[in-house]
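The values are calculated or read from the model by the stated rules, or taken from the named source; none is laboratory data. Predicted model only: the values in this text are computed from it and were never measured. Glycine gets a Cβ as well: all are built from the backbone with ideal geometry, and neighbour counts include every protein chain shown.
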Amino acid sequence: MQLGAKSGKQQLVHKVLDQLLSNPPTGFRIEPIYIGDRGDFCYARNFTLQWLGCPEAQLPDDPVEVNTGDVFLGLDRAAYSIPQRAGQLRDWRNQGVQVYFAIHEAPPVTIPHGLGQGTASEFAAWLKSTGANADGAVCVSRAVADELAECLRDLEVLRERPFNIGWLHPEADVTGNVLDIILKRCAPTAS
């Protein structure tokens with residue numbers, strides 16, 4: 001994980017992460033993770049300490065260990081990394097982990113003007129991988145959720161289970177509702 005970039009999307013990612021860390025939902029422990037140099041998911045312990053303003057320490061960023069009932073929430077789409085980790089996400093799902101991604105903007109494959117072909121093709125590869133291996137997505141709006149569902153249909157993503165899509169209501173507290181949407185309100189919209 002990196003501190004830095006402050007685009008609108010990154011500001012939202014930072015806001016959600018900050019709220020999840022400072023006010024975790026009841027019954028959950030928030031553990032930021034990242035994809036390490038060897039391609040495995042690792043705990044971002046030093047990053048988290050820095051984020052929370054704790055004294056500097058050198059804690060090991062050990063490989064992630066998952067348990068039934070865990071929730072993986074990808075706040076950034078990591079276009080290059082997630083398709084390469086599809087097998088691991090699938091394994092986690094088979095171990096009882098719910099795998100979700102936050103979608104912050106309209107899928108680039110639906111707005112080809114102004115974007116290079118690479119952006120649309122990278123997103124399509126990410127979406128195929130995510131659509132096949134995740135449980136669902138939480139979108140910033142109903143419009144983005146509808147576009148995501150349309151993209152999944154157009155890409156003919158092969159799935160073993162339904163893909164649940166939820167969205168945040170404009171007047172809602174973004175961070176207070178993310179896990180609520182995942183755990184209670186996501187309705188299957190694509191198969």
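For this structure, a couple of remarks:
- Flag if D61 is modelled with pLDDT of 90 or more, closer than 20 Å to D37 by Cβ and part of a loop (DSSP other than H, G, I, E, B): yes
- Residue count for the stretch 153-165, restricted to those that are part of a loop (DSSP other than H, G, I, E, B) and within 21 Å of Q98 (Cβ to Cβ): 6.
- Total residues in the stretch 126-152, condition closer than 25 Å to G96 by Cα and either at pLDDT below 90 or in contact with a helix residue (DSSP H, G or I) (Cβ under 9 Å, 6 or more places away or on another chain) (or both): 16
- Residues of the stretch 26-40 that are surrounded by fewer than 13 Cβ atoms within 10 Å (Cβ to Cβ) and either touching a residue at least 60 places away in the same chain (Cβ under 8 Å) or of a type in the set (S, T, Y) (or both): T26 alone.
- The stretch 14-52 - residue that is outside any loop (DSSP other than H, G, I, E, B) and hydroxyl-bearing (S, T, Y) and, of those, nearest to P83 (Cα to Cα): Y34
- Considering (1) part of a loop (DSSP other than H, G, I, E, B); (2) closer than 30 Å to L152 by Cα, the lone condition that F101 does not fulfil carries the number (1).
- Among the residues of this structure, R77 counts as one that is modelled with pLDDT under 90 and in contact with a strand residue (DSSP E or B) (Cβ under 7 Å, 6 or more places away or on another chain).
- Subset tally (residues that are crowded, with 16+ Cβ neighbours inside 10 Å and part of a loop (DSSP other than H, G, I, E, B)) for the stretch 82-98: 2
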